[in-house]
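Shown next, in structure tokens, is the structure this report addresses.
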Amino acid sequence: MLHTFTLHTKQRDEMIDITEQVRSFLREEGLENGLAIIYCPHTTAGITINENADPDVQHDVLLRLDEVYPWKHPRYLHAEGNTASHLKAITTGSSQTVIINRNRLVLGQWQGIYFCEFDGPRQRTCYVKFISG
């Protein structure tokens with residue numbers, strides 16, 4: 001089964017913890033062992049796994065991405081004006097794979113799964129697929 005959920009982002013750049021949503025789908029599936037694939041079908045957003053204990057980490061990640069990929073650059077050509085959001089999405093990637101063991105996501109003690117918005121606010125879709133194994 002393919003699980004789908006919608007997010008309503010509030011800012012141009014933000015990281016939204018979706019770990020509990022993925023865990024909820026896993027409980028529905030009842031899968032004991034396998035893989036979870038979390039996928040974002042947007043070219044200006046991404047999925048990442050990182051620390052979820054200290055919100056300052058999210059702030060620092062977004063700050064540094066803005067420094068590396070400034071919103072305005074004199075040599076950007078993309079007519080929509082959101083080249084930075086495309087570059088940030090390429091950097092984070094469009095999906096993450098998480099191991100499932102004994103009906104639990106195998107994440108580190110401080111890790112969470114994040115939907116990364118880079119061109120908000122927008123309504124976004126995210127997909128989760130579980131594979132037995």
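Throughout, read-outs are computed from the coordinates displayed, never taken from laboratory work. This one's a predicted model, so the numbers in the text were calculated from it and none came from an experiment. Glycine gets a Cβ as well: all are built from the backbone with ideal geometry, and neighbour counts include every protein chain shown.
Sticking with the crude label model, points 7 Å out along Cα→Cβ, report the distance from Ser132 to Val106 in nm, one decimal please.
Going by the 7 Å Cα→Cβ label model, 1.9 nm.
When only C-alpha pairs under 8 Å and at least 6 residues apart count, what is the relative contact order of the range 2-132, in percent?
55
Can you tell me the 0 to 90 degree angle between the C-alpha axis of helix 83-92 and the longest principal axis of the chain, rounded to 10?
30
What list of ³J(HN,Hα) couplings, whole Hz, do you get for the range 66-71 from phi and the Karplus terms 6.51, -1.76, 1.60, once you set θ to phi - 60° and write x for glycine and proline?
Per residue, the Karplus-derived 3J(HN,Hα) values read 5, 5, 6, 10, x, 4 Hz.
Above 22 angstrom, tally the Cα pairs of the chain and express them as a % of all pairs, no decimals. The partial results should precede the final answer.
Details: 3335 of 8778 pairs.
Of all Cα-Cα distances in the chain, 38 percent exceed 22 Å.
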